[in-house]
Structure formats: structure tokens, C-alpha cells
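Here's the structure we're looking at; comments come further down.
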Amino acid sequence: PTPSVWRGSAVVVCMAVALATVGAGLITSDAAVLVQMRRVLPWMIATLSVHGTAVTLEGLMLARRAFRPLTFIYAAVGLSIAMGLALVRRSTVGLVGVWVAYLWYSLIRIVAFASDSG
């Protein structure tokens, strides 16, 4: 990723942290919601930190017109996310589980896109 991608990711992460901590009270006064926002914060930071890399690598594949590998990657990623979210739904992890699934979504895309950098 380019320096501008890293800067963009840093800005998004900082905004998310500010919103989930300092600005959380501006969104809601519900104590349960505030607790959930604090619980998901580490997962949100991790996810937003790597999301830009996934999108950049995906863009490189699109620029190369690598549609066949993208189709296969998204079929596999979609299946893994569907299974992961089904587990989240049947468990008690709640919103944290959704953010963990989103982190998985970003990380697996990075690995797949980077593996097909050809």
C-alpha cells in the first residue's frame, strides 16, 4: 500500500476511536450501547487498520482485469463469512462477533489478493 493509503487508514481509525470513546455520548446515552461500543473498539481498530490494504489489493486485481481469480476469491470469502456469521448468530458473542467476522473478511481478502498478485 502507498503512504496515502496508510494515512487514510490512520485517519479512519482515529475517527472511529474518537467516535467510540469521546463521542459515544453524542450518539446515545444508553449505558448498554456505550458498553458495547467500548467492547468492539479493539476489533474496530484492527479491522479499519487493514481494510484499506484489502481494498487497494482488490483494486490492483481489477486494474489487471483479473476477474476469474476475483470471482473464485469472492466465492470462497463469501462462503467463509456466511459460515462465520452463522456461528456468531448461534453464539452469545453479539456485536463483537460481527466485528471479528469483518476483520476475518479483510484479512482473508488481503491474503488471497496478495497471493494472486501475478
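Any read-out appearing in this document is the output of simple, stated calculations on the displayed coordinates, not a laboratory observation. This structure is a prediction, so every number in the text was calculated from the model and none was measured. Reconstructed Cβ throughout: ideal geometry from the backbone, glycine too, with neighbour counts over all protein chains shown.
Roughly speaking, what is the centre-to-centre gap between the range 10-24 and the range 44-87 when only Cα atoms are used, to the nearest Å?
Comparing the Cα centres of the range 10-24 and the range 44-87, I get a distance of 24 Å.
Nearest 10 degrees, 0 to 90: what angle lies between the long axis of helix 95-115 and the longest principal axis of the chain (Cα atoms)?
That works out to roughly 20 degrees.
Plugging the Kirkwood radius over Cα pairs into Stokes-Einstein for the chain, at a temperature of 25 °C and a viscosity of 0.890 mPa s, what D comes out in µm²/s?
Numbers: Rh = 15.6 Å.
Taking Rh from Cα pairs, D becomes 157 µm²/s.
Please report the relative contact order for the range 3-115, taking Cα pairs under 8 Å with a sequence separation of at least 6, and give it as a percent rounded to a whole number.
Details: 77 pairs, mean separation 38.1, N = 113.
Once divided by the residue count of the range 3-115, the mean separation gives 34 percent.
What distance in nm separates the simple spin-label points at VAL111 and ARG90, each placed 7 Å from Cα in the Cβ direction?
Between VAL111 and ARG90, the simple spin-label model gives 2.2 nm.
Could you work out the helix-only [θ] at 222 nm for the chain, with each DSSP H run of four or more residues adding -39,500 (n - 2.57) and the total divided by the number of residues, to the nearest 500 deg cm²/dmol? The partial results should precede the final answer.
Values: 5 runs with 100 residues, N = 118.
My calculation for the chain gives -29000 deg cm²/dmol from helical runs alone.
HN-Hα J couplings of the range 25-41 from phi, Karplus 6.51/-1.76/1.60, θ = phi - 60°, integer Hz, Gly and Pro as x?
Running phi through 6.51 cos²θ - 1.76 cosθ + 1.60 with θ = phi - 60° gives x, 6, 8, 7, 10, 5, 4, 5, 5, 4, 5, 4, 4, 5, 5, 7, 3 Hz.
Given charges of +1 on the Cβ of Lys and Arg and -1 on the Cβ of Asp and Glu, with all other atoms neutral, how large is the dipole of the chain about its Cα centre, in debye to the nearest 20? If you can, show how the numbers build up before the last one.
Numbers: 9 positive and 3 negative charges, 33 e Å.
Using Cβ point charges on Lys, Arg, Asp and Glu, the chain gives about 160 debye.
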